[in-house]
1. Enumerate the helices (runs of 4 or more DSSP H) found wholly within the stretch 162-252, keeping only those where 1 or more residues are in contact (Cβ under 8 Å) with a residue 24 or more places away in the chain, of a type in the set (G, A, S) and over 30 Å from P497 (Cα atoms).
2. Please work out which one of (1) under 17 Å from the mean Cα position of the chain (by Cα); (2) closer than 30 Å to M355 by Cα; (3) not aliphatic (A, V, I, L, M) is the condition Q480 fails and give its number.
3. So Y235 ticks every box in (1) under 20 Å from P136 (Cβ atoms); (2) surrounded by 16 or more Cβ atoms within 10 Å (Cβ to Cβ); (3) modelled with pLDDT of 80 or more but one. Which box is left unticked?
4. For the stretch 483-499, state whether one or more residues are within 20 Å of Q198 (Cβ to Cβ), in contact with a strand residue (DSSP E or B) (Cβ under 6 Å, 6 or more places away or on another chain) and small (G, A, S).
5. Quick check, is G107 open to solvent by less than 50 Å² (accessible area, probe 1.4 Å) and closer than 25 Å to G443 by Cα?
6. Within the stretch 393-413, does at least one residue satisfy the condition of being open to solvent by 40 Å² or more (accessible area, probe 1.4 Å), out of contact with any helix residue (DSSP H, G or I) (no Cβ under 7 Å at 6 or more places or on another chain) and under 21 Å from P86 (Cβ atoms)?
7. How about the stretch 253-265: which of its residues are out of contact with any helix residue (DSSP H, G or I) (no Cβ under 7 Å at 6 or more places or on another chain) and either in contact (Cβ under 8 Å) with a residue 12 or more places away in the chain or open to solvent by less than 90 Å² (accessible area, probe 1.4 Å) (or both)?
8. Is it the case, given these coordinates, that R374 is more than 25 Å from H128 (Cβ to Cβ) and either surrounded by 21 or more Cβ atoms within 10 Å (Cβ to Cβ) or at pLDDT 95 or above (or both)?
Amino acid sequence: MQLLFSSLPLPPRTFQPTFTAFYGCHLPFLITPIVLFYLMVVLVVVMLLLLLSVHQWRHPKDKPLPPGSMGWPYIGETLKLYKENPNSFFANRQKRYGDIFKSHILGCPCVMISSPDAAKIVLVTKAHLFKPTYPPSKEKMIGPEAIFFHQGPYHSRLKKLVQASFLPSAIRGSVSEIEQIVLKFLPAWENATLNTLQEMKRYAFDVAMISAFGHKQDKEINGIKQLYQCLEKGYNSMPLDLPGTPFNKAMKARKLLNETLRRLIKERRENEKQGGGGGLLGVLLGDQNQKVDQLSDSQIADNVIGVIFAAHDTTASVLTWLLKYLHDNGNLLEAVTREQEGVRREIIEANRRLMWDDTRHMPLTTRVIQETLRTASILSFTFREAVEDVEFEGYYIPKGWKVLPLFRTIHHCADFFPKPEKFDPSRFEVPPKPNTFMPFGNGVHSCPGSELAKLEMLVLLHHLTTKYRWQVVGYEDGIQYGPFPVPKKGLPVKVTPRNI
């Protein structure tokens, strides 16, 4: 450093004392015009960031912002969120500030809400004031044309198309296909030690692929699987688009994934006379027959990727928790097994396969799934964005701020679910109070694939509980996040045939 500066022309003699007098400090080196230029650039950038922060956080004097901390400039409290248990992060702030508080995470100023009534306002009664959104990094990965990020006519149109693929009337014919996937996996699990989360990801991914692309296995499908897995690895990483970072690798995979899907769309369209191949892609391509306002290839690709995202990780995480809770509650596992054996006997007597109607006669298993959804609360919160300045519960929410209904906090409130830490499926013998149980969100933007998720859980549990048992290996209690909460180390288990 000394050699570098000694080789540069000396500045005027008066500059160093002037700088020292003005800023009150003595620099250990001489400042050249080039160094001064870069210092001024840094100063201007810092001032712009501060001005942006002031602009973002402005509010009328008579309408205060919600209480809370915005953390460091730009970074906010993101590092604390990544460092802490996310549930503790939100719970500690709720305890300190109340049911409505502000923060700054993932590059966005946010308002968190943790009461059912407030959540209903944001998600249902005044949903037009809060558009669905994600941090920019997540939107880039999934695709800006995906249904999650829109409202109005475009969202309504997509919602109808997506629901056409996932309503009970549409998925009841998928039971046999899902069952075939289960029967393919189970023999490979026998007498093996598994990472439950990874195996459930494989299972849920295969179901998601059928849901997205139908039973037709195009040559592009394997490439789509590999690219998606690369994309998934960077999904919850810090959004630093620098060479070698997980985010950078994920964005490269996203570009290739888009190109691959475009080729698949072109192939499906060329073979349209033989049928679109089924799945969501087939439905979206079917809508292309409308001569007016056709969906573009980018819109189709973004929504297919979005559905795979929504149908994959979340379902796998819930299934992992299901196995943990049944393992930890032996009496409950035996009761579920008895229920499934009753269904099994009817199937054998009728000499048929598992059908949709069978899954409608599994009340205890369904309650176990509901309690797992509540206790685990895989979807801890959702993102909305204020489309205009909003006065909310006596506070001011500026336009552009994110608003996060905290589902997990509501699901674990003793006022609505007594002894919330206890795993107790019997609590769902009576329907929960309105807006207190929202595992799939609420309102027009609730998850359209909820019935499919529950169906694949029921089909797996039917075969798993009647034929196998599993023992946790190297049991270590606790939760890890990646990005959804799951048991530590993905719940390693050894699966063995059940003694009948």
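The values are calculated or read from the model by the stated rules, or taken from the named source; none is laboratory data. These numbers were taken from a predicted model, which means no experiment stands behind them. Glycine also receives a Cβ, built like all others from the backbone with ideal geometry; neighbour counts cover every protein chain displayed. In case anyone asks, the SASA skips ligands and DNA or RNA and just uses the protein heavy atoms, side chains included. Shrake-Rupley method; radii C 1.70, N 1.55, O 1.52, S 1.80 Å.
1. On the way: elements: 168-171, 175-189, 196-213, 221-233.
In the stretch 162-252, 196-213, 221-233 are the helices (runs of 4 or more DSSP H) which contain 1 or more residues that are in contact (Cβ under 8 Å) with a residue 24 or more places away in the chain, of a type in the set (G, A, S) and over 30 Å from P497 (Cα atoms).
2. Of everything listed in (1) under 17 Å from the mean Cα position of the chain (by Cα); (2) closer than 30 Å to M355 by Cα; (3) not aliphatic (A, V, I, L, M), Q480 misses just condition (2).
3. Only one criterion in (1) under 20 Å from P136 (Cβ atoms); (2) surrounded by 16 or more Cβ atoms within 10 Å (Cβ to Cβ); (3) modelled with pLDDT of 80 or more is unmet by Y235, namely (3).
4. There is at least one residue in the stretch 483-499 that is within 20 Å of Q198 (Cβ to Cβ), in contact with a strand residue (DSSP E or B) (Cβ under 6 Å, 6 or more places away or on another chain) and small (G, A, S).
5. Values: open to solvent by less than 50 Å² (accessible area, probe 1.4 Å): yes; closer than 25 Å to G443 by Cα: no.
Taking the combined requirement at face value, the residue does not satisfy it.
6. Checked against the condition, which is being open to solvent by 40 Å² or more (accessible area, probe 1.4 Å), out of contact with any helix residue (DSSP H, G or I) (no Cβ under 7 Å at 6 or more places or on another chain) and under 21 Å from P86 (Cβ atoms), the stretch 393-413 yields at least one hit.
7. In the first step, residues of the stretch 253-265 are kept if they are out of contact with any helix residue (DSSP H, G or I) (no Cβ under 7 Å at 6 or more places or on another chain); the result is 255, 259, 263-264.
Across the stretch 253-265, the qualifying residues are E259, R263, L264.
8. Numbers: more than 25 Å from H128 (Cβ to Cβ): yes; either surrounded by 21 or more Cβ atoms within 10 Å (Cβ to Cβ) or at pLDDT 95 or above (or both): yes.
Criteria met by R374.
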